[in-house]
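One structure is given here, and the rest of the page talks about it.
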Amino acid sequence: MSNALLAPANARAPRTVDDTGLPFLFLIELVSKVLHQRGQLRLAELASHLKLNVSVIDPLVAFMRAEKLCEIARVGNSGTDADLSYILTDAGRARAANAAARNAYAGPAPVTLAGYTAQVKEQSVAAMQVTRGAMAAAFDGIVVNPLVLDQLGAAMNSGRAIFLHGLAGSGKTYLAERLRDLLVGTIAVPYALMVDGEVIPFFDAVQHVAADEESTIGSGLDRGSAPDARWVRGVRRPAALAGGELTLDMLDLRFDAHTRLYQAPPHLKSNNGIFIIDDLGRQRCTPEALMNRWIVPMDRSVDYLTLHTGHSFQIPFDVIVVFSSNFVPQRLSDGAFLRRLGYKIEVPAASLGEYAELFRQACASAGVEFDGAAFDYLLARHEEREVPLLACYPRDLMRQLRDLARYEERTPELSPRTIDWAWDNYFAAGAAGRPLETERRDRGTVEYNNA
């Protein structure tokens with residue numbers, strides 16, 4: 001038997017309450033909350049909602065009936081158990097309300113933290129292999145510096161954090177987002193986690209996307225040796241992106257006092273995948289504070305979260321964190337953090353050949369006929385103003401030309417006149433300053449003074 005078959009998500013569906021790993025009274029309260037929200041339900045419907053077999057649910061409702069927490073309501077005329085539905089009594093509704101006041105979660109039954117930790121280990125992103133062929137396929141048709149491409153490929157095999165830096169507009173964010181295409185294999189994620197009696201919703205339909213239509217969410221009915229339906233299998237490795245809106249609070253476990261529900265932090269939902277922090281240095285918190293938050297997770301592959309009850313617990317941290325910044329690494333943090341970054345990769349300005357190819361692609365995309373003489377004129381403007389050949393410029397300038405053509409009700413054209421028009425709009429012609437020197441100063445790569 002392979003190790004993969006021993007993973008919790010591949011284990012046989014629980015047939016008894018003990019098999020779930022969850023306390024009996026916890027499940028009683030969960031059933032109560034479901035019935036309180038949905039009204040009367042048949043046993044099969046209850047099992048389907050909780051993602052548990054009927055054999056697990058049956059003793060729970062039997063106990064609730066004995067304790068006068070629920071009662072049977074017959075719906076239908078078949079005279080069989082299929083007509084039986086369960087509904088809460090007044091005592092059951094009171095108990096459900098008390099349970100919901102502590103934690104309002106009433107979804108599929110959670111898995112234990114120990115089970116989740118074991119599953120993350122089995123499907124670790126560090127075990128994933130990225131080859132040069134895979135890089136070529138993922139970046140086919142994309143103009144990228146070959147050295148940067150090799151660095152990214154090796155970095156993805158390391159399982160460690162990656163720091164992408166370069167001038168604004170050099171293509172760092174685009175490259176970081178393309179890394180998600182290198183994530184191979186599928187994973188299993190739970191609907192929810194139970195930690196110290198509290199339930200933390202985990203499955204995120206936006207971030208946890210099925211790899212194909214056959215990736216299923218179990219029905220909860222008795223299905224012989226079917227795997228545990230509390231897990232969603234066949235999920236693509238997650239790839240989350242956070243930008244300037246990221247705050248330190250977002251990286252902690254949050255409990256909403258109004259909904260009485262927890263919200264898992266984005267890096268927890270990104271386990272077994274990548275988490276991209278874009279535009280580092282532009283967040284509302286300082287770069288030092290944000291980076292200090294990552295020192296322990298990146299060093300020990302674990303993180304620590306705290307419930308609203310004050311209970312702290314350890315979770316696995318199996319994430320390739322990709323930092324993207326306009327600033328050089330040394331400007332944002334100290335050596336203690338920088339040595340934990342596996343790869344510090346600079347995304348340089350495009351070479352002349354790369355810029356020409358980017359420009360041709362931008363022309364094709366905008367429906368503008370490429371003109372060699374006009375392109376040479378553009379290059380002269382770059383040289384005259386000392387503006388670097390950044391990857392974003394061809395696309396952005398072509399959009400300006402397209403907008404002008406729509407305004408003038410004509411076909412877009414590439415000419416010195418239209419290039420001058422687009423250039424002046426885009427670079428705010430007439431403003432003082434030398435763009436390249438300003439960029440380098442802002443990144444901290446040259447000495448300057450304010451005198």
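On the basis of being farther than 26 Å from ASN103 by Cα, in a strand (DSSP E or B) and assigned by the TED database to the domain that holds ALA154, does ILE315 make the cut?
Numbers: farther than 26 Å from ASN103 by Cα: no; in a strand (DSSP E or B): yes; assigned by the TED database to the domain that holds ALA154: yes.
For ILE315, the condition - farther than 26 Å from ASN103 by Cα, in a strand (DSSP E or B) and assigned by the TED database to the domain that holds ALA154 - is not met.
For ILE72, work out the one condition from (1) more than 23 Å from PHE203 (Cα to Cα); (2) modelled with pLDDT of 95 or more it doesn't fulfil.
Just one mismatch for ILE72, condition (2).
Can you find, within region 333-371, the residue that is least open to solvent (accessible area, probe 1.4 Å) among those that are under 30 Å from ALA127 (Cα atoms) and assigned to a helix (DSSP H, G or I)?
Taking the candidates together, the pick is PHE337.
Take the residues of region 89-102 that are in contact with an Asp or Glu (Cβ under 8 Å, 6 or more places away or on another chain) and open to solvent by less than 10 Å² (accessible area, probe 1.4 Å): which is nearest to HIS308 (Cα to Cα)?
Looking at residues that are in contact with an Asp or Glu (Cβ under 8 Å, 6 or more places away or on another chain) and open to solvent by less than 10 Å² (accessible area, probe 1.4 Å), I get ALA99.
Inside region 207-226, can you point out the residues that are open to solvent by 30 Å² or more (accessible area, probe 1.4 Å) and modelled with pLDDT of 90 or more? Walk me through it before giving the result.
Narrowing region 207-226 to residues open to solvent by 30 Å² or more (accessible area, probe 1.4 Å): 207, 209-214, 216-217, 219, 221-225.
Listed by number, the residues that qualify are GLN207, VAL209.
Looking at (1) open to solvent by 20 Å² or more (accessible area, probe 1.4 Å); (2) over 17 Å from the mean Cα position of the chain (by Cα), can you tell me which one ASP204 breaks?
(2)
Quick grid of which residues meet (1) crowded, with 18+ Cβ neighbours inside 10 Å; (2) under 22 Å from VAL111 (Cα atoms); (3) among the β-branched types (Val, Ile, Thr); (4) touching a Leu at 6+ places or on another chain (Cβ under 9 Å):
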residue: LEU241; (1), (2), (3), (4): yes, no, no, no
residue: ALA257; (1), (2), (3), (4): no, no, no, no
residue: LEU268; (1), (2), (3), (4): yes, yes, no, yes
residue: ARG293; (1), (2), (3), (4): no, no, no, yes
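Can you report the number of residues in region 136-168 which are touching a Lys or Arg at 6+ places or on another chain (Cβ under 6 Å) and assigned to a loop (DSSP other than H, G, I, E, B)?
The number of residues fulfilling the criteria is 1.
Do we have TYR105 as assigned by the TED database to the domain that holds VAL17 and modelled with pLDDT of 90 or more here? Steps first, please.
Numbers: assigned by the TED database to the domain that holds VAL17: yes; modelled with pLDDT of 90 or more: yes.
Answer is yes for this residue.
In region 257-291, which residues are out of contact with any Phe, Trp or Tyr (no Cβ under 7 Å at 6 or more places or on another chain) and small (Gly, Ala, Ser)?
Scanning region 257-291 gives ALA257, SER270, GLY273, ALA289.
Of all helices (runs of 4 or more DSSP H) completely enclosed by region 20-78, which ones contain at least 3 residues that are open to solvent by 60 Å² or more (accessible area, probe 1.4 Å)? Steps first, answer last, please.
Details: elements: 24-38, 43-50, 54-66.
By residue number, 24-38, 54-66.
As an exercise: evaluate LEU248 against (1) under 18 Å from the mean Cα position of the chain (by Cα); (2) aliphatic (A, V, I, L, M); (3) buried (at least 17 other Cβ atoms within 10 Å of the Cβ) and give the number of the one condition it does not meet.
All conditions pass for LEU248, except number (3).
If a residue must be open to solvent by less than 40 Å² (accessible area, probe 1.4 Å) and free of Cβ contacts under 8 Å to residues at least 24 places away in the same chain, how many such residues does region 124-152 contain?
Residues flagged as open to solvent by less than 40 Å² (accessible area, probe 1.4 Å) and free of Cβ contacts under 8 Å to residues at least 24 places away in the same chain within region 124-152 amount to 1.
Filter region 1-60 down to residues that are under 33 Å from the mean Cα position of the chain (by Cα) and of a type in the set (Phe, Trp, Tyr), then give me how many there are.
Residues meeting the conditions: 1.
May I ask you to verify whether ARG406 is part of a helix (DSSP H, G or I), basic (Lys, Arg) and outside the structural domain of SER270 (by the TED database)?
Details: part of a helix (DSSP H, G or I): yes; basic (Lys, Arg): yes; outside the structural domain of SER270 (by the TED database): yes.
The answer is yes for ARG406.
Which one is farthest from ASN271 (Cα to Cα) among residues in region 106-123 that are among the hydroxyl-bearing types (Ser, Thr, Tyr) and open to solvent by 20 Å² or more (accessible area, probe 1.4 Å)?
So the first thing to find is which residues in region 106-123 are among the hydroxyl-bearing types (Ser, Thr, Tyr), and the list is 112, 116-117.
If we keep only those that are open to solvent by 20 Å² or more (accessible area, probe 1.4 Å) too, we end up with 112, 117.
Working: THR112: 16, THR117: 10 Å.
The residue in question is THR112.
Restricting attention to region 26-51, report how many residues are over 12 Å from ALA96 (Cα atoms) and among the hydrophobic types (A, V, I, L, M, F, W, C).
Qualifying residue count, region 26-51: 6.
The values are calculated or read from the model by the stated rules, or taken from the named source; none is laboratory data. No experiment lies behind these values; they were computed from the predicted model shown. Neighbour counts run over all protein chains shown; Cβ positions are idealised from the backbone, glycine included. The accessibility values were calculated without ligands, DNA or RNA, using every heavy atom of the protein model including side chains. Shrake-Rupley method; radii C 1.70, N 1.55, O 1.52, S 1.80 Å.
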